[in-house]
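Encoded as structure tokens, the structure appears first; notes follow it.
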Amino acid sequence: MRLTRAKISLLLKEMPLDQEVLVKGWVRTKRGSKNVAFIALNDGSTIHNLQIVADPNTIGEETLKKVTSGACIAVKGKLAASQGHGQKIELPADEIEILGEADPETYPLQPKKHSFEFLREIAHLRPRTSTFGAIYRIRHAMTFAIHQFFNERGFYNVHTPIITASDAEGAGEMFQVTTLDLNQPPRNEEGEIDFKQDFFAKPTNLTVSGQLEGELAAMGLGEIYTFGPTFRAENSNTSRHLAEFWMVEPEMAFYELKDNMDLAESFLKYLVQYALDHCADDLEFLNNRALDEEKNKKKEEKSEMTLLERLNFIVSNDFARVTYTEAINVLRNSKPNKKKKFQYLIEDWGADLQSEHERFLVEKHFKRPVILYNYPKSIKAFYMRQNDGEEPGKETVAAMDVLFPGIGEIIGGSQREERHDRLIARMEEADIPQEEMWWYLDTRKFGTTPHSGFGLGFERLLLFVTGMGNIRDVIPFPRTPENAEF
Ligand code: 4AD
Ligand code: MG
């Protein structure tokens, strides 16, 4: 009878002692003596390794020599209770097959702690480390939970385009998409590049957001969400920015700003709770890893809570809801503002908030997640709904940003301007070409209604849930300025 491969996660859970099993995976470490070798085997199904016990007399010296860190092997044997500490079961090997050797002289992943910077350079191999295995499993779990959350609530997943001809969103610099020969682009009579000859017969870019098309779908389907890659060519080389990142964008007909805030808060709590419920082993590993790192930090840099405490705190506390105007007053009177510790001092109403201000509000002042709303019209996008009855010069829009500890902005959203005349006026003010946006404007001409939505930066969520410090470490193959390897 041919044995089918069992996943290590299943064996550790069900512990079918004395049964013959076949496992396959990558060797993490091998230690032991002349008489016996202990092999830590991992197959990616769990953070935990299965201990393989190999007797050179049974397996053969030649084969055992090839069992080195990074090698891929198949092992047959009968599962036994473990005599050693650290594991309940182990697998005494009857047979080991070497599926793929890994030359110890050149295999870059040694069984020791590597820096994240180094692991980024070998991003093709980092899925084989405990930390990145945990992160990618959590990334998967969060993807699944996002679809589940919306499906449970009757939201439809809509696939919005990746290539777009509109640049109206203004959320960031765009990457151009073209099939023109850049060495010899065709030119028109005025000597300008003739995009009529380009693939789409007009200039096109990679999208910065699926929102505008999401709105079209919501104005017929009711409640929808998009979950796709978005692209921003900003040269912001920070630990919070990627040039290619994934965004979740729900859009809901009949929702006003408060409904939008309620949804955003319950969405984030649901996702964090899902991670606590379904990723316990991986989170425990990351929690301990972070505690280890804390030991090397200076006192003022140490976190007040552990990763697990932070996650539990989020699900069990209400987010603070604060208007922009209240926040400006808090910031203006704050210690770092008075002592000129902020890089950008807050003086006047209307100032855009920097991440230092967002983090002060969340981490020092309110000590919980904050939803900031009703921002000045001048610093927000054209599509946000203009609030009525405000004094000239202090006009606001029904925008909301959710700010998280250690992260800053994790969600940005708003109620949308559904009134055709007000939208047109705002577009004129902001110099947004209306011809290009005829389809967007049509939704305000035909059967318009109040609606709202927001965008969650998926990698920012993962930063929070995994406790990692750099956004390059929560996406398998990060795209950042001057980096598109792999
Ligand atoms: O605030 P943003 O720019 O909002 C929008 O794009 C709206 N169209 C969303 C909507 O209302 N449907 O981006 C939304 C979120 C931010 O809050 C942040 O979490 C994340 O996307 N984000 C980035 N994440 C990684 N790298 C970047 N360069 C990011 N820029 C924004
Ligand atoms: Mg934003």
message = I'd like to know if the stretch 140-155 contains one or more residues that are more than 16 Å from ligand 2 (Cβ to nearest atom), over 30 Å from H48 (Cβ atoms) and touching a helix residue (DSSP H, G or I) at 6+ places or on another chain (Cβ under 7 Å).
response = no
ask   = Does A217 satisfy the condition of being assigned by TED's automatic domain parsing to the domain that holds G447, more than 21 Å from the chain's Cα centre (by Cα) and either among the aliphatic types (A, V, I, L, M) or modelled with pLDDT under 95 (or both)?
value = yes
message = Can you confirm whether E304 is open to solvent by 70 Å² or more (accessible area, probe 1.4 Å), of a type in the set (D, E) and outside any helix (DSSP H, G or I)?
response = yes
task = Determine if the stretch 209-222 includes at least one residue that is open to solvent by less than 50 Å² (accessible area, probe 1.4 Å), within 26 Å of L463 (Cα to Cα), touching a helix residue (DSSP H, G or I) at 6+ places or on another chain (Cβ under 8 Å) and among the acidic types (D, E).
result = no
request  = Take A218 and decide whether it is in a helix (DSSP H, G or I), small (G, A, S), within 12 Å of ligand 1 (Cβ to nearest atom) and out of contact with any Phe, Trp or Tyr (no Cβ under 7 Å at 6 or more places or on another chain).
outcome  = yes
query = Just one of S236, S266 is closer than 30 Å to E418 by Cβ and hydroxyl-bearing (S, T, Y); which is it?
reply = S266
request  = Please work out if R128 is of a type in the set (K, R), under 21 Å from P478 (Cα atoms) and touching a Cys at 6+ places or on another chain (Cβ under 9 Å).
outcome  = no
Residue ID - farthest from ligand 1 (Cβ to nearest atom), chosen from residues in the stretch 441-462 that are open to solvent by 10 Å² or more (accessible area, probe 1.4 Å) and closer than 13 Å to E256 by Cβ = T449
ask   = What's the number of the condition M174 fails, among (1) within 16 Å of ligand 1 (Cβ to nearest atom); (2) open to solvent by 50 Å² or more (accessible area, probe 1.4 Å); (3) out of contact with any helix residue (DSSP H, G or I) (no Cβ under 8 Å at 6 or more places or on another chain)?
value = (2)
request  = Could you please let me know if F195 is away from ligand 2 (no atom under 16 Å from the Cβ), of a type outside the set (D, E, K, R) and either touching a Pro at 6+ places or on another chain (Cβ under 9 Å) or closer than 30 Å to S266 by Cα (or both)?
outcome  = yes
ask   = Looking at S209, S130, which one is polar (S, T, N, Q) and touching a strand residue (DSSP E or B) at 6+ places or on another chain (Cβ under 7 Å)?
value = S209
message = Tell me whether the stretch 155-166 contains one or more residues that are assigned by TED's automatic domain parsing to the domain that holds G406, away from ligand 1 (no atom under 16 Å from the Cβ), in contact with a Ser or Thr (Cβ under 8 Å, 6 or more places away or on another chain) and modelled with pLDDT of 95 or more.
response = yes
key: Selected residue [open to solvent by less than 10 Å² (accessible area, probe 1.4 Å), within 15 Å of ligand 1 (Cβ to nearest atom) and more than 30 Å from N470 (Cα to Cα)] from M437, M384   = M437
task = Please specify each residue of the stretch 49-68 satisfying the condition of being surrounded by fewer than 18 Cβ atoms within 10 Å (Cβ to Cβ) and in a loop (DSSP other than H, G, I, E, B).
result = D55, G60, K66
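Okay, residues lined up against (1) open to solvent by 10 Å² or more (accessible area, probe 1.4 Å); (2) within 25 Å of T443 (Cα to Cα); (3) at pLDDT 95 or above:
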| position | (1), (2), (3) |
| --- | --- |
| I371 | no, no, yes |
| Y375 | no, yes, yes |
| E395 | yes, yes, yes |
| A398 | no, yes, yes |
| V402 | no, no, yes |
| P405 | yes, no, no |
| E418 | yes, yes, yes |
| A425 | yes, yes, yes |
request  = For residues that are outside any loop (DSSP other than H, G, I, E, B) and among the acidic types (D, E), scanning just the stretch 70-103, find the one that is least open to solvent (accessible area, probe 1.4 Å).
outcome  = E90
request  = Identify the residue in the stretch 215-259 that is among the aromatic types (F, W, Y) and under 28 Å from H140 (Cβ atoms) and, among all such residues, is nearest to ligand 2 (Cβ to nearest atom).
outcome  = F245
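Quick grid of which residues meet (1) in a loop (DSSP other than H, G, I, E, B); (2) within 25 Å of the chain's Cα centre (by Cα); (3) of a type in the set (G, A, S); (4) under 21 Å from R28 (Cβ atoms):
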{"position": "E105", "(1), (2), (3), (4)": "yes, no, no, yes"}
{"position": "P108", "(1), (2), (3), (4)": "yes, no, no, yes"}
{"position": "P127", "(1), (2), (3), (4)": "no, yes, no, yes"}
{"position": "T131", "(1), (2), (3), (4)": "no, yes, no, yes"}
{"position": "Y136", "(1), (2), (3), (4)": "no, yes, no, yes"}
{"position": "H147", "(1), (2), (3), (4)": "no, yes, no, no"}
{"position": "H159", "(1), (2), (3), (4)": "yes, yes, no, no"}
{"position": "D167", "(1), (2), (3), (4)": "yes, yes, no, no"}
request  = Can you give me the number of residues within the stretch 1-33 that are outside any strand (DSSP E or B), open to solvent by less than 50 Å² (accessible area, probe 1.4 Å) and touching a strand residue (DSSP E or B) at 6+ places or on another chain (Cβ under 7 Å)?
outcome  = 4
query = Residues of the stretch 196-212 being part of a helix (DSSP H, G or I) and over 22 Å from the mean Cα position of the chain (by Cα), which ones?
reply = K196, Q197
query = Got at least one residue in the stretch 192-205 being within 16 Å of ligand 1 (Cβ to nearest atom), at pLDDT 95 or above and crowded, with 18+ Cβ neighbours inside 10 Å?
reply = yes
ask   = Can you name the number of the only condition in (1) at pLDDT 95 or above; (2) farther than 30 Å from A275 by Cα; (3) open to solvent by 20 Å² or more (accessible area, probe 1.4 Å) that E429 fails?
value = (1)
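The values are calculated or read from the model by the stated rules, or taken from the named source; none is laboratory data. A quick note: this is a predicted structure, and the numbers were derived from the prediction, not measured. With ideal geometry, Cβ positions are generated from the backbone for all residues, glycine too; neighbour counts draw on all protein chains shown. The protein model used for the area step is the full one, side chains on, heavy atoms only, and it has no ligands, DNA or RNA in it. Shrake-Rupley method; radii C 1.70, N 1.55, O 1.52, S 1.80 Å.
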